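Report on the following structure.
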Protein chains: 2
Amino acid sequence: MTWYIDRGPDSDFIISSRIRLARNVRGYRFPNRMSPEEARQFVKTAEDAFMQANRGMSSRYTVVDLNELAPEERLSLAEKRLISEDLLKHSDSCGVVISRDEALSVMLGEEDHIRIQAMAPGFDLDKAYQEASRAAAVFEERLPVAYDEQYGFLTACPTNTGTGLRASVMIHLPALTELGQIRALIENLQKLGFTVRGNYGENSQATGYLYQISNQITLGLSETDLIRDLQQTVRQVMGLESQARQRLYGANQAKTEDRIYRALGTLSYARLISSEEALRLLSDLRLGVETGVLPQLKPEEVNRLTISIGPGTIQKAAGEPLDTTSRDRLRARLIRETLENAAAGPAAAD
Amino acid sequence: MTWYIDRGPDSDFIISSRIRLARNVRGYRFPNRMSPEEARQFVKTAEDAFMQANRGMSSRYTVVDLNELAPEERLSLAEKRLISEDLLKHSDSCGVVISRDEALSVMLGEEDHIRIQAMAPGFDLDKAYQEASRAAAVFEERLPVAYDEQYGFLTACPTNTGTGLRASVMIHLPALTELGQIRALIENLQKLGFTVRGNYGENSQATGYLYQISNQITLGLSETDLIRDLQQTVRQVMGLESQARQRLYGANQAKTEDRIYRALGTLSYARLISSEEALRLLSDLRLGVETGVLPQLKPEEVNRLTISIGPGTIQKAAGEPLDTTSRDRLRARLIRETLENAAAGPAAAD
């Protein structure tokens, strides 16, 4: 069972929380200076250190050899944010360890020697931090991790030095976006030392009104302080979004319901759908869940769809490369089936 | 039971067939020259002549006093094409008789003294002509109808003189429209003596890809010849549309299915819908029926929706005047309920 089938706290605003920890190991050059040979040797050493830490590791984690994966399987890992786009380009000299529930992944030999990231559903940075720290402790116990008394953990890029920690949440901000308040919000958050990105990283637009808010500062504060700062800021953003929703949707209830139901109608009936359109409509569906218009639908079901409709994940589901039309057809079918099951009643596990 | 709940011949192209007969009565000036008093007296005389023709008339026909109807009820009659927009403006001095199944209506004191129109589902001008002739015969037997050996039936406007007959069909031409061939077709038909109009008369665009094709000529040919000419022409247009559908939808089957199912999704889920959008989407639904993509849906159900979602008919269903949002809400509900019933299975009458 993957992590995103669970509902987390504040799931009417927050899709997921993520903690990333960067660690480097003494005795090795930073990955961008390593020879391919040295990189492969490091990856092997780090994988073994982690996987052999105790007998339970291999039942919880898998070493993934990117070179053995089909292109669509690699792309699917990136779409689920288990690995970075950057890692895809250097798959020869990098290593990946992923937990069976896909909540935790470790990239070896990416920008830093070790990048651990842990995900939790909803607004739950503490849980993600616990998971990431536990994995970091495994490395720290078994490898000479580079730590400086004054600077903290040393990293390839100075902006990560210190805690090496990046905490982020994926937040749904349809009302602030539609009211045109998002740009000012982003600028304010930047002044306070936070970064805001659209869904799926730096270069893309905020498809589906999803934004990632993360700390920019890693140095000079403890890990728990950094997380607490982000939590406080995110709570404020949730308050603003809540007010904006009241203002925008409260005043146009009929229109909002119509929009939500139309999204449900299109997603339940379309025979071809692009991932962009699907994300846009899933945002409306999410709004339906958040506002109580669609009580039969659970936020975790929308999350699962949001995460599983990327081109790579769709092709992985098909087990073969597909052209755009075939992808759009399979995506439409998967969405239809998920929504039919959702409409059929609550899952047995409830 | 209204006429449009039946399926007629060639209902994959033709929604309905209509025959209009114009008659005038000796001893009265044409309506536009009548005093209000004279008009009222004529209407009374003609109504009585018709309704008292035999004992069965009052069980089949109703005299409608427009002045007693609420504005939305009057509008509904015009939307169902039982009366003309023109009649609405002169409701004081006009009379209306309507059959209980709404297939036949008689306007008294409109442009001509007597205008009879009969509707039939699908491509069935003969049936409509039989009905209209039967009603005309009732008037001709009991009133001195103006008939000239050389010119035939005399009418207020010379373009109607002769047979006083206008035959028309409402035809669905999505493929010819989308391929951009409709303008040339209309010009050709005009040269051959036919008139082509968009849905709902002269001034409106062809909402929902629906066109009305009718004869322009009324003089110099027999009534059956006029009807036969129109039938032949309509068969040719059906052939062209059939080829165009093959070309357009056969080559893009996946896209066409997607479009049809999306229309079904939106119509099944929307909470607010304007009549324009509904007509557009009903056209796609009709395409789904015509192409076999939606076998569970019957053409007569689409027809019934097309006829019953005008602003007046919606308000009549509500029993009170409604603002635009309330109309859009009720329209969306009526469409949803109809489609739910259609999806639930074939009607008991089948």
Which of the residues belonging to segment A:116-138 are over 16 Å from A:Gln231 (Cβ atoms) and hydroxyl-bearing (Ser, Thr, Tyr)? A:Ser133
May I ask you to list the residues in segment A:113-139 that are among the hydrophobic types (A, V, I, L, M, F, W, C) and crowded, with 21+ Cβ neighbours inside 10 Å? A:Ile114, A:Ile116, A:Ala118, A:Met119, A:Ala120, A:Phe123, A:Leu125, A:Ala128, A:Ala132, A:Ala135, A:Ala136, A:Phe139
Of the criteria (1) within 14 Å of chain B (Cβ to nearest Cβ); (2) touching a residue at least 12 places away in the same chain (Cβ under 8 Å); (3) surrounded by 15 or more Cβ atoms within 10 Å (Cβ to Cβ); (4) not aliphatic (A, V, I, L, M), which one A:Glu340 fails: (3)
Specify the residue that is modelled with the highest pLDDT; the eligible residues are those in segment A:6-41 that are surrounded by fewer than 16 Cβ atoms within 10 Å (Cβ to Cβ) and touching a strand residue (DSSP E or B) at 6+ places or on another chain (Cβ under 8 Å). A:Arg26
Residues within segment A:110-158 that are acidic (Asp, Glu), more than 18 Å from the chain's Cα centre (by Cα) and under 23 Å from A:Asn54 (Cα atoms), tallied: 2
Out of the residues in segment A:237-268 meeting the condition of being among the polar types (S, T, N, Q) and within 13 Å of chain B (Cβ to nearest Cβ), tell me which one is farthest from A:Gly180 (Cα to Cα). A:Ser268
What residue, among those in segment B:152-199 that are in a loop (DSSP other than H, G, I, E, B) and farther than 29 Å from B:Leu279 by Cα, is modelled with the highest pLDDT? B:Leu192
Among the residues of segment A:289-299, is any closer than 30 Å to A:Gly250 by Cβ, in contact with a strand residue (DSSP E or B) (Cβ under 8 Å, 6 or more places away or on another chain) and of a type in the set (Lys, Arg)? no
Among the residues of segment A:79-89, how many are closer than 21 Å to A:Arg40 by Cα and assigned to a helix (DSSP H, G or I)? 5
Test: B:Ile309 is within 11 Å of chain A (Cβ to nearest Cβ) and surrounded by 22 or more Cβ atoms within 10 Å (Cβ to Cβ): no
Exclusive hit being touching a residue at least 24 places away in the same chain (Cβ under 8 Å), of a type in the set (S, T, N, Q), in the same structural domain as A:Val106 (by TED's automatic domain parsing) and surrounded by 20 or more Cβ atoms within 10 Å (Cβ to Cβ), set A:Thr159, A:Thr155: A:Thr155
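Among the listed residues A:Met119, A:Met107, which satisfies the condition of being in contact with a Cys (Cβ under 9 Å, 6 or more places away or on another chain) and part of a strand (DSSP E or B)?
Only one candidate passes the filter, namely A:Met107.
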Against the condition away from every other protein chain (no Cβ under 14 Å), touching a Ser or Thr at 6+ places or on another chain (Cβ under 7 Å) and surrounded by fewer than 20 Cβ atoms within 10 Å (Cβ to Cβ), how does A:Pro321 come out, does it pass? no
Pairing a residue in segment B:68-79 that is within 7 Å of B:Gly312 (Cα to Cα) with any residue that is assigned to a helix (DSSP H, G or I) and charged (D, E, K, R), where Cβ atoms lie under 6 Å and the two sit 6 or more apart in sequence or on different chains, gives B:Glu72/B:Lys316; B:Glu73/B:Lys316; B:Ser76/B:Lys316
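The rows are residues; the columns are (1) among the aliphatic types (A, V, I, L, M); (2) at negative phi; (3) exposed (fewer than 15 other Cβ atoms within 10 Å of the Cβ).
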| site | (1), (2), (3) |
| --- | --- |
| B:Asn252 | no, yes, yes |
| B:Arg259 | no, yes, no |
| B:Ser268 | no, yes, no |
| B:Leu279 | yes, yes, no |
| B:Val289 | yes, yes, no |
| B:Val293 | yes, yes, no |
| B:Val302 | yes, yes, no |
| B:Arg327 | no, yes, no |
| B:Ile335 | yes, yes, no |
In this structure, is A:Thr218 within 14 Å of chain B (Cβ to nearest Cβ), at pLDDT below 95 and buried (at least 21 other Cβ atoms within 10 Å of the Cβ)? no
Subset of segment B:49-71 [under 26 Å from the mean Cα position of the chain (by Cα) and among the charged types (D, E, K, R)]: B:Arg60, B:Asp65, B:Glu68
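The values are calculated or read from the model by the stated rules, or taken from the named source; none is laboratory data. These numbers were taken from a predicted model, which means no experiment stands behind them. Because the Cβ atoms are built from the backbone with ideal geometry, glycine has one as well, and the counts that use them run over all protein chains shown.
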